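Heads up, the thing below is written out as structure tokens.
The values are calculated or read from the model by the stated rules, or taken from the named source; none is laboratory data. Remember, it's a predicted structure, so these values are computed and weren't measured experimentally. Backbone-built Cβ (ideal geometry, glycine too); neighbour counts: all protein chains shown.
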């Protein structure tokens, strides 16, 4: 960790954060980290103690996290709209201290709030004296899984300094991708532009105002950006690169982005909380083929499923058996196609719909539907059916009112023209509410909910 | 309360919708005797499922309550409700006649 703070000290005048109209330089970051270190000492917070940090993006929240890492603490970043219930989370990880930031993210109150834990993995980890990072995912069964990382190892990936950029962090700090982004941007002495909400208008405004060069986003957000025509109202000419991850990109959205932003490099990213974020390079033909890997990562494909071996892998789950095999390979559960050194990610095995024994990938159908007139967004999922096992259901958001019967006819006609018969949606339902979560990730469920399962894919930013 | 004629109308409309999608040489003769499921069925299982889903949706909307045509009850009846349009009409009418 010290290397990162030393790097900050080499550029004291450079702006590290732009937050709520104030600029915080790297010099100020070093000062603030020092100030928080003093506070930790005053509280008597020692090496190996677990500290939950509740707050959304602000320079102070990030500085406290750096101070805790430097102090050898185990950090649990939490946000106010956390996917996981706080009490459920802390019951798994245990906790010694709780640091609560106010809404503005400036002031923090640190109190001792012990929640006992005799987790053997944590106990073993503490003996190393290394700083820890605990993140929660809601897991495929809905039961939260706690992921323990060695913070130093996560940061180590950014020791090799890359060119600095002005970027908006998109994923939250309680998400591996969020932490990865902050380390990537500050590790290269770039500028983090924070936004108070992730609406299209707010993000576009921030891009225009702060001449943002890099926008890491989700395909859902980018689809929404195109539909709401944010690019027509705001000057987005500063953008040099848009990265997208966490879910499969619809080809139609990618095509439209390429046409609208010819000067912008579009880059798919790939990563998982368990193994970290891989370096990636999209094939430069506007396709979804991507080369992934980079130093410290190895990939292999077994039965069309991608496996990853990583030097930056988690220490382990606190409350679940390891998913690494004896040789350290991790099953991503993502089905891929392979073309030489390029992969095309088809989607999670668990998202696959089984229609009478035939496998259907939702994204393939979503692609066709999204290209139709009057469709703002679509989520395709399976529904139990006694005749076929499952049927394909398309939930759509329309731009203008249209009878559902008409929409279904158009969707079925388009799908019949382009897809095998079993992939054609048997059911079409109209949705009044958006199909993505508050974090701009698609909800493939019968009933959309405000907050969906935490994404397993966390890829966000790979400079 | 939906009459049997209204119910049959919903089924025939659903069949016609599917018919529109089919090639000229595989179109189904749509009528009260049209066989839906079984060895004489005019429709393949994918088309049938689409018809059933349409009928379920339409009837549920018109009757103001949810009905299921593919639950265990429907699937385990001795005379399949999907043998022809008559049978399906009678089955839906019986479902709707039940007090909730």
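Quick notes on this structure:
- Check on residue A:195, assigned by TED's automatic domain parsing to the domain that holds residue A:45, under 20 Å from the mean Cα position of the chain (by Cα) and within 30 Å of residue A:251 (Cβ to Cβ): yes
- Residue match in the range A:389-399 (condition: on the phi > 0 side of the Ramachandran plot, in a strand (DSSP E or B) and within 14 Å of chain B (Cβ to nearest Cβ)): yes
- Qualifying residue in the range A:307-320 (condition: within 22 Å of the chain's Cα centre (by Cα) and over 30 Å from residue A:126 (Cα atoms)): no
- Applying the criterion of being touching a residue at least 24 places away in the same chain (Cβ under 8 Å) and surrounded by fewer than 20 Cβ atoms within 10 Å (Cβ to Cβ) to the residues of the range A:400-421, the residue that is farthest from the other protein chains (Cβ to nearest Cβ) is A:400.
- Odd one out for residue A:89, checked against (1) surrounded by fewer than 22 Cβ atoms within 10 Å (Cβ to Cβ); (2) over 25 Å from residue A:167 (Cα atoms): (1)
- Those helices (runs of 4 or more DSSP H) of the range B:1-95 in which 2 or more residues are more than 10 Å from chain A (Cβ to nearest Cβ) occupy B:4-21, B:45-63.
- Filtered residues of the range A:424-446 (kept if within 14 Å of chain B (Cβ to nearest Cβ) and either modelled with pLDDT under 70 or buried (at least 22 other Cβ atoms within 10 Å of the Cβ) (or both)): A:424, A:425, A:426, A:428, A:446
- Inter-residue pairs, beta-carbon under 7 Å, first under 17 Å from residue A:298 (Cα atoms) and not assigned by TED's automatic domain parsing to the domain that holds residue A:384 and in the range A:334-358, second modelled with pLDDT under 85 and part of a loop (DSSP other than H, G, I, E, B), 6+ apart: A:345/A:248
- Look at (1) without any contact (Cβ under 8 Å) to a residue 24 or more places away in the chain; (2) closer than 14 Å to residue A:426 by Cα and you find that residue B:30 fails only one, number (2).
- Residues being surrounded by fewer than 19 Cβ atoms within 10 Å (Cβ to Cβ) and outside any loop (DSSP other than H, G, I, E, B) - total across the range A:156-203: 3
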